[in-house]
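What follows draws every value from the coordinates through simple rules; no lab data is involved. Because the structure is predicted, anything quoted here is derived from the model rather than measured. Heads up, the Cβs are rebuilt from the backbone with ideal geometry, glycines too, and the neighbour counts pull from every protein chain shown.
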Amino acid sequence: MAAKIDRHSYRSLLTLGIVAAASIALWGCNGGDSSSDDNGPVPLTVPKASCGSGDKPETALQGQVPASLRASGFQGFSCNLQLVGQSRGEGASWQQAWFQDKSGHKCNYYDTAATTANRAQIGVVAIDATNPASPQPTAYLSTTSMVDPWESLKVNERRQLLAGVSATNGNGGPEFDVYDISGDCRSPQLLTSVAVGTGLNAPDEFKAAVRGHEGSFSPDGLTYYGSNLAAGYIYPIDVTNTTKPKMLAQWFTPIIQRTHGLTISDDGNRAYFTLFGQGQAAINLAGTTTLTNGLVIADVSEVQSRKANPQIKVISTLVWPDGGGAQHTIPVTIANKPYLIFVDEAGSGGNNSAGWTEACKEGLPAWNFARIIDISDETKPVTTSKLMLEMHDPANCDKVLPDLAGLSSFTYGSHYCSVDNKKNATTLACGYFNSGIRVFDIRNPQRPKEIAYYNPAGTTTSSPGSNHFARGQWVAGGPDWCNAQIRLDVATASLQTTCQDNGFLALKFTNGVWPFPESSTPAGEQN
């Protein structure tokens, strides 16, 4: 059973530099790393970026878009990031991927909503961002899976593939599409669009069909791990032969049989699965006792080695009270030590006003954020730091809750993050929905610092390909949903991403805040 947190204890624990950790059924506290270059208390929230002249900094709490600005038409915030190019198109949805071909074309790919009303083009948009000041759509992929791959749209650099699972509104299938991007990345070439897991492709194929939501390639590009959020199972697909993908297994996570995003270690033998569950405030409302949101580290070596009837084995599990709706993971190395970037999609009480109110009452964060987890002992992962903004601080609930009157679902929280280099991570860039694109210095993982942010102005007309609009959460002039992964580019001191209503955005760092001298952005090492 999970111990209930005293409403006043969360802030005091964190301001003493103590971070929360948990086992399958219990959670406790663990001290910070002594390698910190600052022996003072660890702040509850990440230190704010220092903006330069010409910036348009936030006017209230860090990460906040106050109700007054929403009502008058939000004009956006910027700090050390400047918009240099945009392709709004019909808007964007949940995910973005990227690739640079042998001719030097820099291509980005993003999904759009499954809705077809008032649409000129549907499906995944390919963008040529070689000239970031003038990003241009070059193709629209509308095969079955690409009409709406949701969060499963991924690139594998080693095999030069773009793939996604049919995930219509987050629960489609059973199709799986694979494209070749090795030639001209501006014009992906279809390799296969086929139903997987139906038993139709091979006599011994798994008999439960693909149901699409999220997914990730193994780094070698030979396996694509998909996740069925609705039914809960994870299904590795063999893509050794890209024209004949085959499901290899079906596996359910422990504690709660629901998983969201995932990543695989570079050798293919470890998986970092999310547990899509509930935090303390949500279980209080439900009248239950077990924390179910967090991380599973698993041995997937039998899948990697193609053992017959491969088994996936749990190595460790970590759950926490101050987040929910676990979204995704990124294994990284920081200063020669292994960590995991972990991002939640819901706060401690979930994504609704009742949950926000309960979290605030309990002194817990009502909105979601990213965290850094030490996995140097994979049997005992420990939370190292949390990338909370001022608006996450439960003490500020009375200032923040009025901003969200009439809204539900995703508001201020995190969704997807990316790093500059998984093997030597210095920089973390995250989409924080209404709080925009946030960039952090993580060279000291115990004390991450914000260095830049960009929150685009609200659109006054709707974007029909935006899920923000399709879900009925868009408000004219209100803040956008910035939620896709982010391409950092050291060579041009820039980043590219999407926000749902504003579409594709190319941004340049200003005031010399990035890159750091040790930063690098090698292909295939950012997400």
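So what is the relative contact order for the range 9-509, in percent, with contacts set as C-alpha pairs under 8 Å and at least six apart?
17
Indicate the gyration tensor shape class of the range 113-226 (rounded, prolate or oblate), computed on the Cα atoms with a ≥ b ≥ c the square roots of the eigenvalues: a/c under 1.5 is rounded; otherwise a/b larger than b/c is prolate and the rest oblate.
Cα axes put the range 113-226 in the oblate bin.
Assigning unit charges at the beta carbon (Lys, Arg +1; Asp, Glu -1) and nothing else, what dipole magnitude in debye, to the nearest 20, does the chain show about its Cα centre?
200
For P(r) over Cα pairs in 20 Å bins from 0, in percent, several values are listed as (1) 25, 61, 15, 0; (2) 19, 49, 28, 4; (3) 22, 53, 23, 2; flag the one computed from this structure.
Answer label, from the structure shown: (1).
Quick one: order W356, W367, W94 by neighbouring beta-carbon count within 10 Å, fewest to most.
Sorted ascending by nearby Cβ count, the order is W356, W94, W367.
Run the helix sum for the chain: -39,500 (n - 2.57) per DSSP H stretch of 4+ residues, divided by residue count, reported at 222 nm to the nearest 500 deg cm²/dmol.
-1500 deg cm²/dmol
For G478, what charge total do you get from the other residues with a beta carbon under 11 Å from its beta carbon, if Lys and Arg give +1 and Asp and Glu give -1?
-2
Which length gain, in nm to one decimal place, applies between Q136 and A286 when the Cα-Cα distance is subtracted from 0.36 nm times their residue separation?
Value of the extension gain: 49.2 nm.
According to a simple spin-label model (label point 7 Å from Cα along Cα-to-Cβ), what is the distance in nm between A405 and K449?
Once both label points are built, they end up 3.9 nm from each other.
Take the Cα coordinates of the range 208-262, assign each an equal point scatterer, and use the Debye formula without solvent to give log10 I(q)/I(0) at q = 0.16 Å⁻¹.
Once normalised to I(0) and log-transformed, intensities are -0.43.
Is the range 241-365 best put as rounded, prolate or oblate by its Cα gyration tensor, with a ≥ b ≥ c the root eigenvalues, rounded for a/c under 1.5, and otherwise prolate when a/b is larger than b/c, oblate when not?
The shape class here is prolate.
Under 1.5 on a/c is rounded, so check that first for the range 426-522, then, if it is not, pick prolate when a/b is larger than b/c and oblate when it is not; a ≥ b ≥ c are the square roots of the alpha carbon gyration tensor eigenvalues.
Prolate, because a/c is 1.5 or more and a/b exceeds b/c.
Towards the positive end of the charge dipole of the chain, with charges on Cβ (+1 Lys, Arg; -1 Asp, Glu), say which of A133, G363, V210 has the farthest Cα.
The residue sitting farthest along the positive end of the dipole is V210.
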